[in-house]
Amino acid sequence: MGIISNRTPVLLVTGFGGQERALELAEPGTVVVHHDLSGLRQGMVVRSESTVRPDGVAEERVALLELAHGCVSCTLREDLLPLLRALHRRAGVRRIVIRLDPTLEAEALIDAIEHVVVEMVGEVPGPAARDVEVAGVIGFLDGATWLDDALGEEDLVERFAVVDGDERTVAQLAVGHAAHADLLVVDGDSPDPARLRAVLRRLAPGAPIVRERAPLDRLVARIGARRPAAGPFDPLLLGCPPLEPDGDVRIVEFTARRPLHPGRFHEAIDVLLDGVVQARGRVWLATRPDEALWLESAGSGLRVGPAGRWLAAGGEGTPERWAMASAAWDDEHGDRASDIVVLLAGAEPDRVLEMLRWAELTESELAAGSTVWAAWPDPFGDLHADPCEDLAPGTRPEADQEEMQ
């Protein structure tokens, strides 16, 4: 028997194309909330709240908000989270739909709903999740342009009104919209539908892919169990994506039980910037024996930043993390290792793996020991983004085949 919840279900709708139809697809008893960020550069956010009446007509309320502290996230938290708790108490509201601005990502908002404490007069302080429950994320994708966006190099600021200093790319958003969705609705015709489907099945395994512009009730019925958010030390192939190639689309896995040379690795990751939809993984650099790095890419944009301490260096971990680490524990290096999963759409798999293997320490470098490694230049700061200038030149495999052997 299922557990009956009196919390109001919340549906998040994301994407570059089609999500604006959320109100058209909504049934009576649905409230659609949307924060329009097109006026962001003027410091203004417009919030619309549309309630679908029993006769199918939508009543809209509009509010003009000032950007709190110059921060989009703060503005949304301070406005949206109390609104969700208030809508839960409004008679006749059976579902809340949050239509996210194309420049917003669902995962951060879900985390805020579940964990940020909201103070309300006359109510017990607590997160919005006391009153509402995230039922799922629907990603609307423009079939005609999504794959080009996911593989492209366009900066977000070139297409959308974002605040100064926002260095995200269109690819990062396009990939994120799909990867974090529980249901994908492809809106528009793709020039290569088979290739698009092959990518989406590997990027969001388990998420049904539909083309129908059906009422939200029918779309929600297609959503299965929500996938939990994955941390940097969780398995990298959650959801059992297809591992066999489909044309030029495939997943390749790189694993190294030796540390990576920071300079060569800095050069090697250039191979992930062309023909790659997404790369994700943990990295063990020889110059950083205690802390793992997390690598994540989308299209031609890539970032490397801190992921946390290795268990062998005193890091804390869940029982699941300890169990996974114990299966490959090394007597000398513990759980230190590099594991990267790459979703290719055009890149040569052998070339990608060759470049990453080139970054591993050679036998002579490994024998030199950690004292020598610590003196090597390390081009990775706390947050590293590519493409960048070549901070640590080195010899690539084409000119160093002997060393690779």
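The values are calculated or read from the model by the stated rules, or taken from the named source; none is laboratory data. Note that the structure is a prediction, hence the values are computed from the model and not measured. No Cβ is skipped: glycine too gets one built from the backbone with ideal geometry, and neighbour counts run over all protein chains shown. Quick note on the areas: whole protein, heavy atoms, side chains included, nothing else; ligands and nucleic acids left out. Shrake-Rupley method; radii C 1.70, N 1.55, O 1.52, S 1.80 Å.
Tally the residues that are more than 29 Å from Ala221 (Cα to Cα) and either more than 21 Å from the chain's Cα centre (by Cα) or in contact (Cβ under 8 Å) with a residue 60 or more places away in the chain (or both), restricting the search to the stretch 127-148.
The total comes to 0.
Could you check, for the stretch 346-369, whether at least one of its residues is open to solvent by 40 Å² or more (accessible area, probe 1.4 Å), of a type in the set (Gly, Ala, Ser) and in a loop (DSSP other than H, G, I, E, B)?
Within the stretch 346-369, one or more residues are open to solvent by 40 Å² or more (accessible area, probe 1.4 Å), of a type in the set (Gly, Ala, Ser) and in a loop (DSSP other than H, G, I, E, B).
Under 7 Å between Cβ atoms, at least 6 apart or on separate chains: pull out the pairs that start in the stretch 309-331 with a residue that is farther than 17 Å from Leu236 by Cα and end on any residue that is open to solvent by 80 Å² or more (accessible area, probe 1.4 Å) and assigned to a helix (DSSP H, G or I).
From residues that are farther than 17 Å from Leu236 by Cα, the pairs are Leu311/Trp322.
Of everything in the stretch 72-100, what is open to solvent by less than 70 Å² (accessible area, probe 1.4 Å), part of a loop (DSSP other than H, G, I, E, B) and under 23 Å from Gln19 (Cβ atoms)? Give them in sequence order.
Val93, Leu100, listed by residue number.
Give me the residue from the stretch 156-171 that is among the charged types (D, E, K, R) and surrounded by fewer than 16 Cβ atoms within 10 Å (Cβ to Cβ) and, out of that set, modelled with the lowest pLDDT.
Among residues in the stretch 156-171 that are among the charged types (D, E, K, R) and surrounded by fewer than 16 Cβ atoms within 10 Å (Cβ to Cβ), the one modelled with the lowest pLDDT is Asp164.
Counting only residues that are of a type in the set (D, E, K, R) and either over 28 Å from Ala207 (Cβ atoms) or not in a strand (DSSP E or B) (or both), which one in the stretch 109-141 is modelled with the lowest pLDDT?
Glu123
Cβ contacts < 9 Å: first residue free of Cβ contacts under 8 Å to residues at least 40 places away in the same chain and open to solvent by less than 60 Å² (accessible area, probe 1.4 Å), restricted to the stretch 225-239; second residue part of a loop (DSSP other than H, G, I, E, B) and among the basic types (Lys, Arg), any location; separation 6+ or different chain. Result?
Final answer for the pair search is Gly239/Arg227.
Assuming Ala174 fulfils every condition listed in (1) buried (at least 16 other Cβ atoms within 10 Å of the Cβ); (2) assigned to a loop (DSSP other than H, G, I, E, B); (3) of a type in the set (Gly, Ala, Ser) apart from one, which condition is it?
Status for Ala174: all satisfied but (2).
Among the residues of the stretch 3-33, count how many are among the charged types (D, E, K, R) and open to solvent by 60 Å² or more (accessible area, probe 1.4 Å).
The number of residues fulfilling the criteria is 3.
Could you list, in sequence order, all residues of the stretch 178-196 that are open to solvent by 60 Å² or more (accessible area, probe 1.4 Å) and more than 14 Å from Asp148 (Cα to Cα)?
Passing the criteria: His180, Ala194.
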